[in-house]
1. Which residue pairs have Cβ atoms under 6 Å apart, sit 6 or more places apart or on different chains, and have a first residue in the range 1-26 that is under 24 Å from Leu88 (Cβ atoms) and a second that is open to solvent by 60 Å² or more (accessible area, probe 1.4 Å)?
2. Can you work out which of the residues in the range 337-370 that are of a type in the set (Gly, Ala, Ser) and without any contact (Cβ under 8 Å) to a residue 60 or more places away in the chain is least open to solvent (accessible area, probe 1.4 Å)?
3. Of the residues Val42, Val31, which is of a type in the set (Val, Ile, Thr), out of contact with any Gly (no Cβ under 8 Å at 6 or more places or on another chain) and not in a helix (DSSP H, G or I)?
4. What number goes with the only condition from (1) at pLDDT 95 or above; (2) open to solvent by 30 Å² or more (accessible area, probe 1.4 Å) that Val42 does not pass?
5. Being of a type outside the set (D, E, K, R), assigned to a helix (DSSP H, G or I) and closer than 29 Å to Trp211 by Cα narrows it down to one residue among Phe22, Phe52, Phe94; which is it?
6. Please enumerate the residues belonging to the range 434-456 that are open to solvent by less than 60 Å² (accessible area, probe 1.4 Å), of a type outside the set (Gly, Ala, Ser) and over 34 Å from the mean Cα position of the chain (by Cα).
7. So which residues in the range 184-199 are under 25 Å from Phe323 (Cα atoms) and crowded, with 16+ Cβ neighbours inside 10 Å, if there are any at all?
8. Would you point out the residue of the range 451-505, among those that are more than 18 Å from Leu382 (Cα to Cα) and touching a strand residue (DSSP E or B) at 6+ places or on another chain (Cβ under 6 Å), that is modelled with the highest pLDDT?
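The values are calculated or read from the model by the stated rules, or taken from the named source; none is laboratory data. Just so we're clear, the structure is a prediction, and the values are computed from it rather than from any experiment. Here the Cβ positions follow ideal geometry from the backbone for every residue, glycine too, while neighbour counts run over all protein chains shown. What goes into the accessible areas is simple: the full protein's heavy atoms, side chains included, and nothing from ligands, DNA or RNA. Shrake-Rupley method; radii C 1.70, N 1.55, O 1.52, S 1.80 Å.
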Amino acid sequence: MQRALDWIAKGHRGLWLALAIFALCLALGWVGFIASDDATYVVGAYGWLEQFPFVGGHGTIRYPLTIPIALSFLVFGEGEVAAILPSLAYLLVFLFFTWRVLCGVAGRLAAFVALLLVVTCPLIAVEASIASIDIPEMTLLMGGLFILWRCLETGPDARRLFLVGALVGVAFLARETAIFSVPFFALLFLAGHRFSRWHYLWIAAGFLAVWSLELVYLGIMTGDPLYRFNIALHHDATIDRTIDLAGNVLVHPLIDPVLVLFINQEFMALMLLAVPITAWLCFGASIEPRVRHFARILALFGLCWWICVGAVQNLLPLNPRYFMITSTIACLLTGIGVARLLGSQTHRLRLIGLGALAILLATNALGILVENKNPIFGERQLVQVLSDSPGLTVHTDPMTLYRAEYLLRWSGTTARAVAEPPRGGDFYYYNPARSAEANAHMTAAQQPDYQPQAGWQLVATYEPEPDAMVRLLMMTGADAAIPEPIWQKLRYRHEPTHLYRVGAEPARD
């Protein structure tokens with residue numbers, strides 16, 4: 001083991017190995033376009049391409065992501081991969097920046113283990129394959145935090161502190177939740193940590209410089225400088241976390257934010273080890289003052305972020321991705337701690353470090369494998385049907401057509417998909433996930449028009465292929481040991497969809 005650790009700790013081998021593992025995790029966790037928030041960012045990108053200069057509304061106004069997506073479309077062509085590339089690029093910037101900082105603070109082995117935990121974290125591995133605002137926000141804020149750390153080490157530098165504020169400002173333009181970083185900076189300011197309070201005002205100046213540009217732009221374009229802030233506060237009804245479950249177990253508002261980090265599959269075993277390791281790094285007598293200071297700064301930032309997300313009960317659901325800052329910091333600190341154990345002179349501590357790393361990587365791999373990687377199976381299958389049958393026009397329900405809009409556009413099949421009730425001779429694509437119940441695009445009165453009728457001829461049924469983990473479980477017979485409700489959820493993530501010919505005569509033998 002020591003030889004392997006020595007090999008990794010030389011040069012940039014650890015960085016390239018971590019990036020190679022990230023590529024593998026990205027392939028295993030690839031999701032792509034999901035017709036959710038990412039569709040909003042695509043709308044914003046097309047706004048810049050087709051309506052320049054563009055303002056937009058909630059989501060489409062997130063310029064640090066929508067403008068890069070627009071540029072990606074121009075360079076690489078329109079499509080879901082081009083839509084995802086900017087978020088992926090943000091993450092790669094973060095990984096390179098993190099490698100450099102951690103090498104300087106804790107050494108190359110610690111930098112490698114920390115990056116390894118980041119890229120295998122199920123939340124990161126999956127979100128990296130989606131056009132996501134969470135990754136740009138995290139990259140910008142963590143970049144500001146690392147530059148601040150440099151100032152705390154070497155002394156106040158007006159330009160660097162201004163850049164810290166500017167990065168926070170750009171993150172705030174990306175998403176309003178970046179304001180959750182303010183308590184962290186406020187605490188350092190009040191404490192006068194490492195340098196005069198006046199120097200901290202450069203951070204505020206950088207933030208205001210960026211925000212003022214937006215205020216002027218929106219004031220000119222809309223007449224309301226606070227246009228973005230106002231639509232963010234009033235774009236939706238009050239959040240009810242007992243309804244907006246976001247995959248969480250809710251027990252009580254005071255402990256629900258804790259349960260998210262300790263129970264949800266996006267984090268697996270991370271927090272179980274991160275909490276004691278972080279406490280050790282922050283307060284352990286054996287930890288060098290420089291590493292201890294670094295750990296305390298990161299831990300304070302992650303803690304402030306976690307408290308703010310948990311506290312805004314009526315503004316945000318407890319979606320795991322809102323905790324990306326906290327979980328990423330947990331990965332970094334856990335990586336530093338595990339690396340110290342691996343590099344210990346004591347055989348017992350090395351075994352503990354190896355065991356901890358094995359547990360983290362194994363549970364992370366499981367978290368990635370069980371993730372639902374095809375949340376819009378029905379919409380993708382509709383596009384596949386049209387692509388496989390040139391000239392065929394297919395009717396479907398309004399919600400399916402709405403969710404498939406950009407997939408149809410990118411495949412050039414938009415004109416052959418119709419959201420109207422089928423008539424005699426028409427082909428109808430039935431997607432029960434979208435049409436079995438009334439929804440925002442189909443009233444209860446319209447719903448019967450989009451249900452299969454007795455006289456319709458079934459042309460084809462489509463079911464999603466089982467993923468790699470399900471196939472492995474079936475091959476080994478391990479599926480028999482899994483409780484039936486859990487197995488059904490793993491194996492049959494989506495209801496089958498069906499293609500019908502309306503009013504056609506039944507097929508003869």
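1. Gly14/Arg108
2. Applying the filter and picking the extreme gives Gly353.
3. Val31
4. Among (1) at pLDDT 95 or above; (2) open to solvent by 30 Å² or more (accessible area, probe 1.4 Å), Val42 violates only (2).
5. Phe94
6. Gln451, Pro452, Trp456
7. Phe184, Phe185, Leu188, Phe189
8. Filtering the range 451-505 for residues that are more than 18 Å from Leu382 (Cα to Cα) and touching a strand residue (DSSP E or B) at 6+ places or on another chain (Cβ under 6 Å), the one modelled with the highest pLDDT comes out as Trp456.
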